[in-house]
Every structure is written in structure tokens, then in C-alpha cells.
Amino acid sequence: MAFVTRGAPAYGAVIQRALTYLAAIAAVGALAIALALTAWVLRIPRVETFLLIFVLLLGAIAWRLGRGPAIAATVAVAIISDYFFITPMGLFGFRSVSDVVHLITGILVALALIQFVTVSRRQQLLLRRRKDLLQDVSPRIIQSLDADEVLNTVAEATLRVIDYQHFRLYRWDEASERLILVKSVARAESYEHTDWHTLTLSLGEGITGIAAQSRRPFLVPDASVDPRMVYPIGTTRIPESIISVPMVTGDRLFGVLSLARMGARSLSDEDLRLMQSIAAQTALALAHAEQYAEAEQTIKALSTIEALQLTEAGLTDTEVDNRIVQGFVDLSQADYATLRVLQADGRYHVGATGGRQWPDNAAPVGGPLTADQVAWLADPKVTVYVTDPEGDTRLPEWARRGTQLAGVKAGIFLPMRAGPRFVGFAGLYWRRPRWLRPEQLQRLQLVAAQAAIAIDTRQALERERGRAEALVEQERARREFMQIASHELRTPLTVIRGYASLLEEGSLGEMPPAAQHAIRTLMDKSDEIRGQVERMLLLARLEDGAAAQQMTELDLRTVVRDAVERVRPQVALKQGTVNVELASAPLTVVGDPERLATAVDNLLQNAVKFSAGPPEIEVSGSRADGQVRLIVKDHGIGIPVAARGRLFEKFYRVNDPELNNVVGTGIGLYIVRQVVEGHGGRVEVASQPGQGSAFEIDLPVAREGASGPAQPAIP
Ligand code: ADP
């Protein structure tokens, strides 16, 4: 009872205590009277078995009322013993040694029983109290959804049940297969000066490692003499008791809970059982917390990936790099993070740094990696995750040196590849040993893959944009040149043509007949050049969206007749013929007369040019299928099948050695198609190599009274 009433108000307690003594003595008195009556009734003079009955009573008193009252009762029994199990002599008049032995034996047995009862009673009360405490803390451990909070609650709750001096909670890191200390609570000076976090343990290493490996709890009564104990370097051993209990649910090992209490044998098996219960609940709570965190982390990873999809145009390199680093830091809570990216000079520079712990100005600024370093990082076998960068022999010397300088205790190297291209790598580092689940690592790798794509895409876009800009510039320069060249050619040509015709007319004096012919050729050739120049000018105009067409309603027959008249001299020169067959009714279309004329000119000139012998050209104009149809047919060399698909491309000419002496630039048919399509029409070719070609142009018929603007879009 002493245990229960400790700390009650003094006065009441004294009275209560006195009452228990009275009750004990009264119980002895009552039993004595009952036994005396029984002896008298049954006429038993000396009943030694009464001693046994008294001893049992004393045991019961000890159980109910505690040790003090039981001892008082024992004294009472001794006093009245004369009358029950010693020959009645009154007042301890022992007759024999045997009487004395009787009494002493009886008292000793009673005292032993009292002691036993008291101890077990106390034990039971303690147990009950601990059970109550445990019941009290369990829901708090289980309720929490945050792993850190679980650990705090466990450390605190354990303290309420076991008065420890050092609490250590290790988590099992599946990736590195080591036990990593994640929580340490020191409650005595001798534990405060040691940095336990520097210690990571493999399975079977130290009591903690042994507990993890065997999945059984361990009690070390005196750790100072136990060779299995492993301490951080520089720790002085002190006598202490240690309990190490693995945290396991199902098959999975979560880690190990270790408690230390100063003094050899200061922790008991009972404490061990309590710890087992706490450890089991902790494992459950951690499993819950982990599931919750998994879900949260997945959402985070997805939003990071989403942020890297670069839907926003115009993000700069630095912005993309920063986003990537930020994503990694959010996901991993890294103390330091670096992102190395392959840059235009073909080397890997630091693109961005992040994390919570970079000391001012200490973040790397971007010296490029050496070829060795790149080779190591790009190797697909590279260890991505290291718990102990300083000691890990898988790391090359330079990586170890770097991490050592920064005081890094755990690191992850995440290579980033876009297809076969090694676009860079992210380094995440912690100053404390870290543990990671494989799922977390996979998520980081997923983000790395997405980051690689983001970097690659942006670089590709950048290259593409550069190329496109160069092309536009080239095109502009080409057109400008075309414009200038055409103008510069046109003016002197007009002068040459002018003088030539003055000479031919004889306005400058009589020409000898031989010169007449020369002058004629001069005029023809300058006409030819002029034609080419006109075509180039038109081409420049066609490609310059700014130059509008002069649309008007016109009769295509007029355009065709004029064009035929222009080509006749060339046909005549080669002794050929041109047959024209035009519908009797007007072939009205809406168009630019000048451009349409150029298109028809080109077809006619080709018909002349590509006829080996005297050209025989047939031109027809009619209405067909609601269209105005113009056909220019020749009986010339024809066009090979392979060339037909590309015939209307700019600068395309059929690659035929026979055509080497035929002048041309390959823009004629391109212009024809541009003009025709600009009028909402289409052009097609049919040809039999060796027999001739027929070009057919279809243009929409002008609606009655319609003119100009209602026509198709301008190219
Ligand atoms: P160019 O006449 O200046 O070479 P074009 O664009 O007018 O350029 O014609 C492209 C090519 O198409 C010509 O080089 C020629 O090989 C082929 N071609 C055009 N018209 C005919 C035709 N009527 N008969 C045979 N080949 C032709």
C-alpha cells in the first residue's frame, strides 16, 4: 500500500496508516478467539497446526494491507502463541527448546511469506501502472501520419514507461542495407557529447545490428563489458544497460529501437517486454505514415514533372534548370543540390544549385567536369545512391573529396539521359546519414528522366529556333538580291534593246546585210534575257507576300492570243507551228492579267524549248466541269516519269545530258503553279517521253458580274 499512497496529504495518511495496523492486529485477535473457541469445544489441548493458519492470515494481511501491518500482526501472533501451539504456560514460560524452535520457525516462515507477498504485490501494481500508461500512449503513436512526429511521440511515450538516459531509433535503409540513426534523445551528460549520427550499422553489427538481423529483442545487462557493443569513435564506455528491439510488421523490418540506462543491470526483462510492445506499435505507425507520405510524395513528383513539361514558351535556360533543382529539393529535402548540364561548348557546367544548407557563396559556380568525371557519371552502372560518400570505395576519388569537403554524409547521383544523350546529372546531398526507400529513389529517377527530356527539348528548341532565324535571314537576303539584280539588269537591257531596234530600223544609218542578222540575234537574245529577268522579278514578287495581285475580270482568250503572238517569232525561227483553238464564248475569269500572261508565256516557251525538231504546239481554251480549261500541248521530248513529281518545284530542272544546251533556270513552272494556285486553280501535266507533253490549267469561272476581291486568297 505504501506504493499507492505515496504523496497523499500527511495528516490523513497517518490516520489511514494507523487504521491498517489496527485492522491487522484485530484480524489476529479475531482469529485467535475463533481458534481458542474451536480448541475448547473440541477439547484439543495443543494445536500446532494453528501456527499454519496464523501464517496464512499474515500472508493475507501483507497482500491486502502491506508489509508494516503484517509485521505488527506477526508480533501479535508471537505474543498470543503461548495459548495455541506451546503448552499453555502463560507469558512465554517455554518449557523446552522445541517450543522456542517452534515459535522462531513460525515467525521466520511468516516473515518470508510477508516479503514474498509484498514483492509480488508491488510488481503487480507496477505492471498495471505500465499497462495503463501504454494504453494511454498507444493511440498517440498510431494516430500520427507523419514519420517524424511518430518518432517524437515514441521517444516521449517511452520515457513515461521507462526512465531511460539515451533513446536511439534506427531506420533500416533497404537501398544501402544499413541501419541509419534518425532519432537520438540524450538525457544524461555522458550521452550528450557523442555524435551518434555519424554511426551507421550493417546487419549483425553491434547489438542493434544483431537485433535487426535476428529480429529478436536483446537485453544487455552491462554494455561496458559486452564485446558486441559498437560505439562511435571516441566514446568512453560506462556501465549501462541496453535494450535493442527490432521494429517489424509482417515481413518488413522498419528499424531498431534502442534504450540505454546508466548502471549495470538497470533494465529488466519486464522493460524489454514493454519495449517490444512499443516497438510493434511504432512499426505499425511508421507503416501508416509511410503510406501517407508515399501518396503525398507521388503527388509532389507528379507536380514537379508537370512543371517540367515546359508548356510555357520562352522559359530561359536558367529558369528551367532552377525548376529542376527546386523539384529535386522539394522531393528529397536535400541539404545541397547541384545540377550539371551539357552546354553549348560541349561541357558539363553547373546550371543551378539549391538546397537549404549551402553556406553563403559556397555553392559551386560551374567549372566544367573533366572527361573522366563525365565518363564515370554517364556509366549506366554508376551507383546512384551512397550512404557514406567518404568511405564508399565505389566512388571515384574526386567525388569522395568533393563530398568530404562539404561534410556530406549521404548523396545521390542522378544521371539524366535523353535517349542516348547524357544531358547532365543532378547531385543531391545530405549532411546527416539518410535513409531512402526504393520507391523514393525510383521517384527521383523518374523526375530525372523527365528533367532530361525537358533540358533536351529546350536545347533542341533553341537549336531549331536558331536555324529557323538563319533561314529567314537567308531568304530575306536572297529576295533582296533578286530584286536589286533584276532592276539593275532591266534598265541596261532596255537601253541595249532600244539601240538594237534603232540599228535594225536603219535610224542610225544603213546596215550591211551581214550585220542585219547579227542585230536580229542581238535583239532575240536580249528578249530572252529580259524574259528571264521578268520571271525572276515575278518570282521575287510572288514570294514577297506584300505585293498584291491586280485582280480584275478578264477573258482568258485574250491573254492566250497575246501570248501566242509573243511566242510566234521563236516558233517561226525553228520552223514550227502553233495551233490555237479557243471557245467561241468568252472564258471569263477573275485574275491578274500580267501574272496570268507570264504563266501562259512560260508554258509556250517551254513547248518551244523542249521540242527537238520544229515545234508543233497546240493550244486550246474551253469550259469544262464548271472550270475554264487551258491546255498547252507539244510534241517534244516529253518528261521522264520520275521527274514529274518535282516538276513544279522551284529551281528544279530535269537532269538529262541532252538538255545541257537548253537555257533555263528552273523557275518557269514554279511560277506557273504559284500563279495558278494563287487564282484558286490547279495545274497538271501529262507526258509521254519522246512524244510530247501537255500542261493543263484549270481556273474557276468568274460568276456573272463578280469581280476582283471575291476571288481566292492571295499567296
Ligand atoms: P526551265 O525551263 O527554266 O528549265 P521550268 O521550271 O520552266 O524551268 O521547267 C523545269 C523543267 O521541266 C525543265 O528544265 C524541263 O526539263 C522540264 N520541262 C518543262 N516544260 C517541258 C516541256 N514542255 N517538255 C519537256 N520538258 C519540260
Original post:
Label-point separation (nm) for ARG140 and GLU390, each offset 7 Å from Cα along Cα-to-Cβ?
Top reply: 3.6
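Quick one: length gained pulling LEU502 to ASP656 fully straight, 0.36 nm per residue minus the C-alpha distance? Show your work: numbers first, answer last.
Values: separation 154, 0.36 × 154 = 55.44 nm, distance 3.97 nm.
Residue separation times 0.36 nm, minus the Cα-Cα distance, leaves 51.5 nm.
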Original post:
Taking a 1.4 Å probe, which of PHE425, PHE218, PHE651 shows the most accessible area, and what order do the others take after it?
Top reply: PHE651, PHE218, PHE425
Original post:
Given H placed on each backbone N at 1.01 Å, which residues far from ILE667 in sequence or on other chains put an amide H within less than 5 Å of it?
Top reply: PHE651
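Stretch GLN691-VAL75 to full length: gain in nm at 0.36 nm per residue minus the Cα-Cα span? Mind dumping the intermediate values first?
Details: separation 616, 0.36 × 616 = 221.76 nm, distance 14.61 nm.
Extending this stretch completely gives an extra 207.1 nm.
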**OP:** Rounded, prolate or oblate: pick one for the stretch 361-466, where a ≥ b ≥ c are the square roots of the eigenvalues of its C-alpha gyration tensor, a/c under 1.5 means rounded, and failing that, prolate if a/b is larger than b/c, else oblate.
**Re:** prolate
Original post:
Span-like helices, the chain: DSSP H, alpha-carbon axial extent 18 Å or more, mean Kyte-Doolittle -0.5 or greater, which ones?
Top reply: 10-42, 49-65, 67-80, 97-143, 147-161, 269-307, 317-332, 438-505, 513-543, 556-573, 593-609
Original post:
On average, how much accessible surface per residue is there in the chain, in Å², for a 1.4 Å probe, leaving out ligands, DNA and RNA?
Top reply: 52
Subject >> Span from the the stretch 579-654 Cα centroid across to the the stretch 124-141 one, whole angstrom >> reply: 104
Original post:
To the nearest 10 square angstrom, how much accessible area does LEU573 have with a 1.4 angstrom probe?
Top reply: 120
Original post:
Given R₀ = 45 Å, FRET efficiency for VAL580-ALA477 by Cβ-Cβ distance, to 0.05?
Top reply: 0.60
Subject >> Spin-label pair LEU405/ILE53, simplified geometry with 7 Å Cα→Cβ offset, distance in nm >> reply: 9.3
**OP:** Quick one: go through the stretch 228-248 and flag any residue whose amide nitrogen is under 18 Å from the point 7 Å out along the Cα-to-Cβ line of GLU174.
**Re:** 247-248
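With +1 on each Lys and Arg Cβ and -1 on each Asp and Glu Cβ, how big is the dipole of the stretch 489-611 about its Cα centre, in debye rounded to the nearest 20?
Working: 14 positive and 17 negative charges, 65 e Å.
It works out to roughly 320 debye.
Can you figure out the FRET efficiency of GLN291 with GLU156, using R₀ = 22 Å and their beta-carbon distance, to the nearest 0.05?
For R0 = 22 Å, the calculated efficiency reads 0.40.
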Original post:
Whose amide H sits under 5 Å from the amide H of HIS166, counting only residues 5 or more places off or on another chain, with H placed in the peptide plane?
Top reply: ARG187, ALA260
Original post:
What percent does the relative contact order of the stretch 362-468 come to when contacts are Cα pairs within less than 8 Å and at least six residues apart?
Top reply: 21
Subject >> Tail fraction, Cα-Cα pairs, the chain, threshold 41 Å, whole percent >> reply: 65
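Round to a whole number: what % of the accessible area of the chain belongs to carbon and sulfur, probe 1.4 Å? Provide the component values of the computation, followed by the final result.
Working: 21140 of 36940 Å².
Using a 1.4 Å probe with all protein chains present, the chain comes out at 57 percent carbon and sulfur.
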**OP:** Once you have a ≥ b ≥ c as the square roots of the Cα gyration tensor eigenvalues for the stretch 319-367, tell me rounded if a/c is under 1.5, and otherwise prolate or oblate according to whether a/b is larger than b/c.
**Re:** oblate
**OP:** Using the Karplus curve 6.51 cos²θ - 1.76 cosθ + 1.60 with θ = phi - 60°, work out ³J(HN,Hα) for each residue of the stretch 224-239 in order, rounded to whole Hz, and write x for Gly and Pro.
**Re:** 5, 10, 9, x, 6, 5, 10, 10, x, 4, x, 7, 8, 6, 10, x
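Sequence gap at least 6, Cα distance under 8 Å: using those rules, report the relative contact order of the chain to the nearest whole percent.
Working: 1087 pairs, mean separation 47.7, N = 715.
Relative contact order of the chain: 7 percent.
Using 0.36 nm times the number of residues separating LEU22 and ILE233, minus their current alpha carbon distance, what extension gain do you get?
Stretched fully, the LEU22-ILE233 segment lengthens by 69.8 nm.
Using +1 on the beta carbon of Lys and Arg, -1 on that of Asp and Glu, and nothing else charged, what's the dipole of the chain about the Cα centre, debye to 20? Before the final figure, lay out each step's value.
Numbers: 76 positive and 80 negative charges, 841 e Å.
Value, rounded to 20: 4040 debye.
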Original post:
How big is the accessible area of LYS525 in square angstrom, nearest 10, if you roll a 1.4 angstrom probe over the protein chains?
Top reply: 110
Original post:
Quick one: Kirkwood hydrodynamic radius for the stretch 663-706, alpha-carbon pairs, angstrom, one decimal?
Top reply: 12.3
Original post:
What residue among VAL408, THR393, GLN442 has its Cα farthest toward the positive end of the dipole of the stretch 371-444, where the charges are +1 on Lys, Arg and -1 on Asp, Glu, each on the Cβ?
Top reply: GLN442
Original post:
Quick one: of the DSSP bridges fully inside the chain, what percent are antiparallel, nearest 5?
Top reply: 95
Original post:
PHE254's amide H: which non-local residues (gap 5+, or another chain) put their own amide H closer than 5 Å, with H modeled 1.01 Å from N in plane and none for Pro or chain starts?
Top reply: MET247, VAL248, THR249
Original post:
How many nm separate the modelled label positions at ASP163 and TYR11, each set 7 Å beyond the Cα in the direction of the Cβ?
Top reply: 3.1
Subject >> Structure-based [θ]222 nm, the chain - -39500 (n - 2.57) summed over DSSP H runs of at least 4, per residue, nearest 500 >> reply: -17500 deg cm²/dmol
**OP:** Go through 604-612, 395-403 and give me the packing order, highest mean Cβ count within 10 Å leading.
**Re:** 604-612, 395-403
Subject >> Backbone HN-Hα couplings from phi across the stretch 637-648 [Karplus 6.51/-1.76/1.60, Hz, Gly and Pro as x] >> reply: 6, x, 10, x, 3, 4, 8, 4, x, 9, 4, 8
**OP:** First measure r as the distance between the Cβ atoms of MET262 and THR370, then evaluate 1/(1 + (r/R0)^6) with R0 = 60 Å and state the FRET efficiency to the nearest 0.05.
**Re:** 0.70
Subject >> Ranked by how many other beta carbons lie within 10 Å on average, peptides 154-167, 463-476 from highest >> reply: 154-167, 463-476
Subject >> Accessible area (Å², 1.4 Å probe, nearest 10) - VAL41 >> reply: 100
Subject >> Probe 1.4 Å, all protein chains present, accessible-area order of LEU414, LEU22, largest first >> reply: LEU22, LEU414
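Report the relative contact order of the stretch 575-715, percent, no decimals, based on alpha-carbon pairs under 8 angstrom and at least 6 residues apart. It would help to have the intermediate numbers written out before the result.
Working: 258 pairs, mean separation 40.2, N = 141.
Answer for the stretch 575-715 is 28 percent.
The values are calculated or read from the model by the stated rules, or taken from the named source; none is laboratory data. Every value quoted in this text rests on a predicted model; they were computed, and no experiment measured them. Note that each Cβ is placed from the backbone with ideal geometry, even for glycine, and that neighbours are counted across all protein chains shown. Note: areas computed on protein heavy atoms with side chains; ligands, DNA, RNA excluded. Shrake-Rupley method; radii C 1.70, N 1.55, O 1.52, S 1.80 Å.
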